[in-house]
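One structure is given below, encoded as structure tokens.
Nothing in this text is a laboratory measurement; each read-out follows from the coordinates by a stated rule. Not measured: the values here are computed from a predicted model. We place every Cβ from the backbone using ideal geometry, glycine too, and count neighbours over all the protein chains shown.
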Amino acid sequence: MLPFEPSVVTVISLSAPIILVVIGETITEKSGVINLSIEGTLLITALTAFAVSVTTGSPFLGFLCAGLVGSIAALVIILCDTKLGMDQIAVGFILTIFLGKLSSFLGKEYVRIPGPYFQQLSIPILKDIPYIGPSFFDQNILVIFSFLMIPLTWYFIEKTRLGLIVKAVGENPVSAENRGINPEKVRIIATMIGGIIIGFGGAAFSLHAKFGWSENHTGNYGWICLAIVIFGGWNPIRAAIGAYSFGVFQIIALKMQSVALGLTQVLPLIPFPLMILTLIFIQRFNRSDRTTSLPKILNAFFGGQSPENIGKPLEKN
Amino acid sequence: MSNLNLKNISIFIIQVFLASLGASLIIILLGASPYEVISSIFHGAFGRPEKIVKTMLIFLPISLAALALIITFSGGLWNIGIEGQIVLGAIGASWVAKSFLGESALSPYIQLFVGVSMGSAWGLLCGLLKVKFNVHEIFGGLGLYFVGSGAIIYLILGPWSKEGIASTSGTDIFPQESWFPTLTSLNIPALPILIICLIIISIILFLSFSKLGLKLKATGINPGSTNKFQFSSSGYIYLAFMIGGAIAGLAGVFQASVFYHKLVPSISGGYGFLAILVVLASGKRVIPTLLLTLFFSAMISGGSQLQLRLNLHSSLISIILSSIVFFWLVVNSTPIKKNITNLLERGRNASF
């Protein structure tokens, strides 16, 4: 077994991309839109970030460009939905394949070459706090950004007016419209912001957690992130717990590589059956949430609620 | 009436033109020539008899997966788990081939039975999760797919590993008796082709003449039916998933025992996902689906030539296919179709 501290540092560090993607998708889905393209978007944004940072020497610029590409992918989905009345899921699925293969096609020259890093950002005083310090404040800016996004997103969704508007559109666009909100505009903006953050997640893969580029570099992580969003019950904090738990699985798989052959390939797939069980759980708790005898705190944790109007097109008058 | 048909045909031609234009633009943007790419692909797909057989071997699983999806899509179900059902079918076939039955002449037929049942069960499980536990079929299906992939990797590296050394390149080749019998020196897979023909006829009969099928089709014709939270009765969901899973399982059996003659980690070859693209574009109709599948299979089979002849990465094929489907859906969206119709009307009025 590893000592506690280095393991936590590694989990927090390795989970940075997943945290960002999960937060981006949570914001998107809160507005009632499903961005199914994550698997493809991650690949193309990871490539963008790495290629730009290799070419310009600036990982920061690569990071920003990945956000831009992520938002363009999201924009395609939401415009096809709101302007052309196309199915969000269908467009997201097509983009998954298109962008994924595009990354293989365009990425040939960047396979396994070195590139510039984000420097370690040791925040003076804070990094010396026992346990917490090295985990959170002796990391690079990407990692620090990723875990700062968790409370910020939670605050945005739950406590700000804008966040409430996004939630209202996801729950009931018609009544939101009656209150003078333009649901189409809200969905476009929320999906694009979500896309930017998902793009940052892609960048966090190629510039940090799985440094560099190879074909199918972020393979399957996109689907895993979609699963974790549901595991998180559309709540950024619960989603983050899901993402970090997945990080723990990965570390265990890595450590056990020498012990059990084959486990390394099988363990990363564990979130999927886990996701199914969680969905069953959520459903059970929601059905009986008024009569349940379970402690409130458990209910609060498992009782995630899907936005009422998720995946449905807006009704136009 | 003939006027109306003429109008529909004109709209169709304009749509095909616009969608091809969109896909060609993508090819040009990626630095290749659409003409060279397409001619190279078709040379690779149909240039020689062996190539036609190879194209056929790719056509088999994709067409089966697409037919399976017609059934599930008709019920408004997003069966993304189709890859998992293919995987389970392949596991079922391999199970038989690796067992004592593998060396009996009955092996292919037992494989069919076991593979189809396992694919069907995997589909049914997805339906059960949806009906009993309200787990949306996209996530249930994906979850079950990854469970299936995990099982394949476990089996290949564990119980069914190659003699001597476990490797992700797959299991040992199945005994000859477990291969499906083929015709002539070209190894034409006669039995699978026969089975597919029977399935096509059954599906057409089922959708056009049976009471159950008509009910199914009625849901399918409803434009809102692909909206993912569409209501369907639970018995109907089970039935659609069971039939779909069975046909997908058959695709898995063919992948293992007709194409590879062994179990490999990526046994489904992404064909389930490609079939989703096919069915999205073909609008769930059987004949257009088959024609489009033939086109897709030719592209994939001929795509191996791209690297050799034009030095282009083979991923270009999926890029082209997905962009064709994307642009096709765009030109079929209500506002764009309306614009094309209006344009045609105006053109005709102007000419008189």
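With a/c under 1.5 counting as rounded, go ahead and sort segment B:112-182 into rounded, prolate or oblate using the C-alpha gyration tensor (a ≥ b ≥ c being the square roots of the eigenvalues; past the cut-off, prolate if a/b is larger than b/c, else oblate). Taking the square roots of the gyration eigenvalues as a ≥ b ≥ c, segment B:112-182 is oblate.
Which residues does the label zone of B:Ile52 cover in segment B:169-210, counting backbone N under 14 Å from a point 7 Å along Cα→Cβ? In segment B:169-210, the label zone of B:Ile52 (backbone N under 14 Å from the point 7 Å along Cα→Cβ) covers B:184-189. Secondary-structure-derived ellipticity at 222 nm for chain B, considering helices only, amounts to -25000 deg cm²/dmol, per-run term -39500 (n - 2.57) for DSSP H runs with n ≥ 4.
Net charge within 14 Å of B:Val96 by Cβ-Cβ distance, Lys/Arg positive one each and Asp/Glu negative one each, not counting B:Val96 itself? Please list the in-between numbers first.
Numbers: positive: B:Lys98, B:Lys262; negative: B:Glu103, B:Glu177.
Net charge around B:Val96: 0.
Rounded to the nearest 10 degrees, the angle from helix B:34-46 to the longest Cα principal axis of chain B is 40 degrees.
Peptide A:99-111 has a mean shielding of 4, counted as Cβ atoms of other protein chains within 10 Å of each residue's Cβ. Working ranking of peptides B:251-260, A:76-85, A:232-241 by packing, defined as the average number of other Cβ atoms within 10 Å per residue, highest first, is B:251-260, A:232-241, A:76-85. Take the Cα radius of gyration of segment B:59-291 and divide it by 2.2 N^0.38 Å, N being the number of residues; the result is 0.99. Protection proxy ranking for A:16-23, B:16-23, A:173-180, using the average of other Cβ atoms within 10 Å per residue and placing the highest first: A:16-23, B:16-23, A:173-180.
Once backbone amide H atoms are built at 1.01 Å from N, A:Asn140 has A:Leu121 as its partners under 5 Å, excluding neighbours fewer than 5 places away on the same chain.
Under 14 Å of direct C-alpha separation, and excluding same-chain neighbours fewer than eight residues apart, A:Lys108 reaches these aspartates and glutamates: A:Glu215.
Near B:Ile14, within a Cβ-to-Cβ distance under 15 Å, what is the net charge of the other residues, with Lys and Arg +1 and Asp and Glu -1? Overall, the nearby charge balance is +4. The overall shape of segment B:153-221 is oblate: from the C-alpha gyration tensor, with semi-axes ordered a ≥ b ≥ c, the ratio a/c is 1.5 or greater and a/b is no larger than b/c.
For segment B:40-58 versus segment B:253-305, the inter-centroid distance based on Cα atoms is 14 Å.
Quick one: which of B:59-71, B:198-210 comes out on top by average Cβ neighbours within 10 Å, and what's the full order, highest first?
Top to bottom by mean Cβ count within 10 Å: B:59-71, B:198-210.
For the protein assembly as shown, just say rounded, prolate or oblate: build the C-alpha gyration tensor, square-root its eigenvalues into a ≥ b ≥ c, call rounded for a/c under 1.5, and beyond that prolate if a/b exceeds b/c, oblate if not. Could the numbers behind the result be given before it?
On the way: a/c = 1.42, a/b = 1.20, b/c = 1.19.
It comes out rounded by the Cα gyration axes.
In a fully extended conformation the segment linking B:Leu6 and B:Leu194 would gain 64.0 nm over its present Cα-Cα distance, using 0.36 nm per residue.
List the lysines whose Cα sits under 20 Å from the Cα of B:Lys54, skipping any in the same chain fewer than 8 residues away. Candidates past the 8-residue exclusion: B:Lys262. Note on chain B: with a GNM built from Cα contacts shorter than 10 Å, the maximum mean-square fluctuation among B:Gly302, B:Gly119, B:Gly270 falls on B:Gly270. Axis angle, to the nearest 10 degrees, between helix B:49-74 and the longest C-alpha principal axis of chain B: 80 degrees.
Peptide B:309-316 shows a mean partner chain C-beta count of 3 within 10 Å per residue C-beta.
Summing +1 for each Lys or Arg and -1 for each Asp or Glu, what net charge is found among the other residues whose Cβ lies under 9 Å from the Cβ of A:Phe137? So the surrounding residues net to -1.
All Cα-Cα separations within segment A:4-302 were binned at 5 Å from zero, giving a P(r) of 1, 6, 11, 15, 17, 18, 14, 9, 5, 3, 1, 0, 0, each value a whole percent of the pairs.
Computed over the Cα atoms of segment A:106-213, the ratio of the radius of gyration to the Kirkwood radius (Rg/Rh) comes to 1.13. For chain B, the longest principal axis of the Cα atoms and the long axis of helix B:82-98 meet at an angle of about 30 degrees.
Cross-link partners of B:Lys211 among lysines, defined as those whose alpha carbon lies under 28 angstrom from its own and excluding same-chain residues fewer than eight positions apart: B:Lys130, B:Lys132, B:Lys228, B:Lys284.
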